1. Among the listed residues B:72, B:44, identify the single one that is farther than 23 Å from residue B:139 by Cβ, in contact with an Asp or Glu (Cβ under 8 Å, 6 or more places away or on another chain) and either touching a residue at least 40 places away in the same chain (Cβ under 8 Å) or surrounded by fewer than 19 Cβ atoms within 10 Å (Cβ to Cβ) (or both).
2. Look through segment A:204-257, keep the residues that are touching a His at 6+ places or on another chain (Cβ under 9 Å) and under 30 Å from residue B:100 (Cβ atoms), and return whichever of them is farthest from the other protein chains (Cβ to nearest Cβ).
3. Being away from every other protein chain (no Cβ under 11 Å), of a type in the set (A, V, I, L, M, F, W, C) and closer than 20 Å to residue B:150 by Cα is the requirement here; does residue B:235 meet it?
4. Take the residues in segment B:248-290 that are touching a Cys at 6+ places or on another chain (Cβ under 7 Å) and more than 8 Å from chain A (Cβ to nearest Cβ); name whichever of them is surrounded by the fewest Cβ atoms within 10 Å (Cβ to Cβ).
5. Considering only residues of segment B:136-160 that are β-branched (Val, Ile, Thr) and within 26 Å of the chain's Cα centre (by Cα), which is nearest to the other protein chains (Cβ to nearest Cβ)?
6. Could you tell me which of the residues A:158, A:165, A:184 is more than 26 Å from residue A:100 (Cα to Cα) and facing another protein chain (nearest Cβ under 7 Å)?
7. When the residues of segment B:161-181 are narrowed to those that are within 10 Å of chain A (Cβ to nearest Cβ) and within 20 Å of residue B:37 (Cβ to Cβ), which ends up modelled with the lowest pLDDT?
8. Test of understanding: among A:101, A:131, which residue is in a helix (DSSP H, G or I), within 16 Å of residue B:174 (Cβ to Cβ) and within 14 Å of another protein chain (Cβ to nearest Cβ)?
Amino acid sequence: MHILVCMKAVPSTTQVSVDGQFRLCRDSVHLQWNVADESALEAGLRFRGSEGRVTVLAMGPTKLEDNLRELLIRGVDRAVLLSDPSLAGADTRATAAALAAAAEHLGPFDLILCGRRAIDGETGQVPGMLAGALSVPCVTNTDRLVFEAEKLQVHRSLETGAVCLEVSLPAVVSVCEYSYNLRLPSISSMRMARQKQVEQLSVRTLGLPMEQCGLKGSLTKVVAMSSHFPGLRKGPKEENLVVGASRLLQFCREVGK
Amino acid sequence: MSASFLVLCPFGLDEGLLCKAVELSGSAPVRILLPEHQAQTATKYGAKLVHTIPDEFRGEDEAEFARWLSEKALQWNATVILAPASVQMRGILPMMAWRLNAGLTADCTALTMDADRLIQTRPAFGNSLMADIRTTSEIQMATVRPGTFRCIERQVQDAIIVKEIPSKSVDVKVKTVTEINETAPLNQARIIFAGGVGIGSLEGFRKLEKLALLLGGAVAASRGAVDAGFAPYRCQVGMTGVTVCPDLYIAVGISGAVQHLAGMSGAGTVVAINSDPKAPIFDYADYGIVGNWESVIEHVLEELL
C-alpha cells in the first residue's frame with residue numbers, strides 16, 4: 001500500500017506575529033510538526049505493510065527541510081517539501097489545490113492521511129477540500145484505523161458518540177491528535193535514512209497556475225484583526241472564599257430547578 | 001442584490017444559527033434544510049423556505065451528500081451557505097466549497113453583513129487574535145460554532161415546506177459498520193466543572209470529579225490540563241476539543257486562553273475560580289472567586305454535607 005501523509009509545521013509557541021497582509025510570520029519562529037499530523041504519520045507507518053511505502057508531503061518554508069529529514073530518520077520512505085514563495089498566504093482552498101497537484105504528481109496513492117486540524121489555523125478544512133480536488137471519499141475526525149481483508153475501517157468520534165465506517169480506497173482520512181504516538185527512530189531506520197534526501201517540489205514543477213496559488217488563489221481574505229475575544233462578562237470578583245463557595249452552590253442549585 | 005441565505009442543518013436544527021441568518025438576510029427569505037420532524041420548529045424561528053430530509057438519514061457517504069447538496073445549492077441560487085460546525089458538517093462543507101468554487105471559513109464566532117458580503121469573525125493563530133474574514137467568491141460559506149447565537153422567535157405563517165430525498169450513490173464508498181452511542185456526552189451536560197493546569201495533578205482532577213458527581217455535573221478540562229496528562233482528551237473543551245454550552249460552566253484553575261473561550265463562551269453562567277486575580281478568564285466570567293481552588297471546594301463540601 002502506498003500512503004501519502006500531508007503534514008504541516010506550526011509555530012511551537014502561541015506568541016506569533018502577523019505581517020501587513022495578516023499572514024503568519026513563520027521565519028522568526030521555531031516550527032514543529034502539528035500534533036495531529038504526527039498521529040496521522042504513525043497510523044501510516046503502521047499500515048504501510050511490508051511492501052508498502054509512506055511518503056510525507058509538507059508545504060512551507062525551506063527551513064522545513066530539517067524537520068523532514070528527521071521524519072526520514074523515523075522511517076518515512078520519502079519526504080517531499082513543496083516550498084515556493086508564491087504559495088505564501090494560502091487559505092484552505094489554495095492549500096488543498098497545491099497539495100492535490102503535488103499528490104497527483106507523486107502518486108497514485110491508496111490512502112491519504114492528514115491530521116484532523118492544525119493547532120495554528122484550526123480550520124480542519126484541508127482534508128475535505130483535498131478529497132474534493134482529487135474526487136475521492138473523505139472521512140474526518142477518526143481516532144482508530146483498522147485494515148481487514150483489503151478494507152479500511154475507521155472509528156470516527158461524533159458529538160453524540162461514535163461510528164465505525166468502512167471506507168473504500170483511495171480515500172482521504174483525517175486523524176485526531178493523540179490517537180497514535182509517533183515512533184522514535186530505530187537503528188535500522190536511521191541507517192536507511194542516510195541514503196535518502198528530502199525531495200523538493202516547486203509550483204513550476206507541478207504546473208500550477210500562479211492565480212491559483214497562495215494569497216492570489218485564496219477565496220477568503222483576512223480584512224482585520226483584533227486581540228479581543230467577544231463576550232466579555234466582567235462579573236464581580238469575590239475574595240472571601242466562604243462567601244464565594246456559598247454563591248457557587250447557589251448557582252448549582254439554580255440550574256437544578 | 002441581496003444575499004440569498006441557505007442554512008444547512010441536515011442532522012439537527014441549530015436554532016441560533018437560523019435566527020442569525022434571518023437577522024442578516026433582512027427582508028429576503030431564509031431557506032433551510034433539516035430533518036423532517038423539525039420543520040415546524042424552523043418556521044417558529046423565521047425560516048420561510050423549509051426543505052426536509054428523512055429523520056433517519058445519516059449521510060455517512062459525505063462526498064456523495066456534498067455532491068447532492070451542491071446541486072441543490074445551485075438550484076436554489078444560494079449565495080450565503082451556513083452550517084453548524086459539527087464534526088459531520090465540518091467534513092461535508094469543505095467538499096461542497098470545492099465543488100462550488102466558494103470560499104469557506106471554519107468555526108466562526110460572529111457574523112455580520114457588509115452589503116452582500118459576509119464578514120466572518122473567528123479566533124486565529126493560536127490563542128492570541130480574532131480575525132475578520134471576507135470571502136471574494138460569488139458563493140460565501142461558513143461553519144459556525146454551535147450555541148454561539150441567541151434564539152429569537154419569529155413565527156412564519158406562510159412558510160413553504162418541501163420534502164427532499166438525498167441521492168444515493170450506486171457505488172457506495174463509505175458505509176456504517178456500527179454506531180456507538182456514548183453515555184452523556186459533555187456537550188449535553190447542564191453543569192460543567194472544567195479544570196485547567198492550575199488543578200496541578202491527576203489527584204486534583206479526582207477531587208473535581210467527586211464534587212461534580214455530588215452536584216450533578218460533568219468534568220471537562222482545558223488543553224493545558226490534557227497535555228499535562230491530568231485528564232483524558234475526550235474531556236477537552238476548546239478549539240481542539242469539544243464545544244459546550246451548559247447552563248453553568250465553572251472554570252477551575254483555567255487562565256482563559258482564546259482557544260478555551262471559543263469552546264465555552266456559549267455557556268449560560270460562567271463562574272471562574274483562580275488564584276491569579278489577573279487571569280483573563282475573570283473577564284469572561286459572570287462571577288469570579290479569587291483564591292485557592294481546593295479551599296473553595298472544601299468550603300462547598302462543608303456547606304453541602
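The values are calculated or read from the model by the stated rules, or taken from the named source; none is laboratory data. Worth saying up front: this structure is predicted, and the values here are computed from it rather than measured. Glycine also receives a Cβ, built like all others from the backbone with ideal geometry; neighbour counts cover every protein chain displayed.
1. On the way: B:72 fails: farther than 23 Å from residue B:139 by Cβ.
Unique residue meeting the criteria: B:44.
2. So the residue we want is A:205.
3. On the way: away from every other protein chain (no Cβ under 11 Å): yes; of a type in the set (A, V, I, L, M, F, W, C): yes; closer than 20 Å to residue B:150 by Cα: no.
In short, no.
4. Taking segment B:248-290 first, the residues touching a Cys at 6+ places or on another chain (Cβ under 7 Å) are B:248, B:266-267.
Narrowing further to those that are more than 8 Å from chain A (Cβ to nearest Cβ): B:266-267.
Values: B:266: 21, B:267: 26.
In this case the residue turns out to be B:266.
5. At the first step, the residues of segment B:136-160 found to be β-branched (Val, Ile, Thr) are B:136, B:139, B:143-144, B:148, B:152, B:156, B:160.
Okay, now just the ones that are also within 26 Å of the chain's Cα centre (by Cα), so B:136, B:139, B:143-144, B:148, B:152, B:156.
Values: B:136: 5, B:139: 9, B:143: 9, B:144: 13, B:148: 9, B:152: 18, B:156: 28 Å.
Restricting to residues being β-branched (Val, Ile, Thr) and within 26 Å of the chain's Cα centre (by Cα), the top hit is B:136.
6. Values: A:165 fails: more than 26 Å from residue A:100 (Cα to Cα); A:184 fails: facing another protein chain (nearest Cβ under 7 Å).
Unique residue meeting the criteria: A:158.
7. Narrowing segment B:161-181 to residues within 10 Å of chain A (Cβ to nearest Cβ): B:169, B:171-181.
So of that shortlist, the ones also within 20 Å of residue B:37 (Cβ to Cβ) come out as B:179, B:181.
Numbers: B:179: 82, B:181: 68.
By that ranking, first place goes to B:181.
8. Working: A:101 fails: within 16 Å of residue B:174 (Cβ to Cβ).
The conditions single out A:131.
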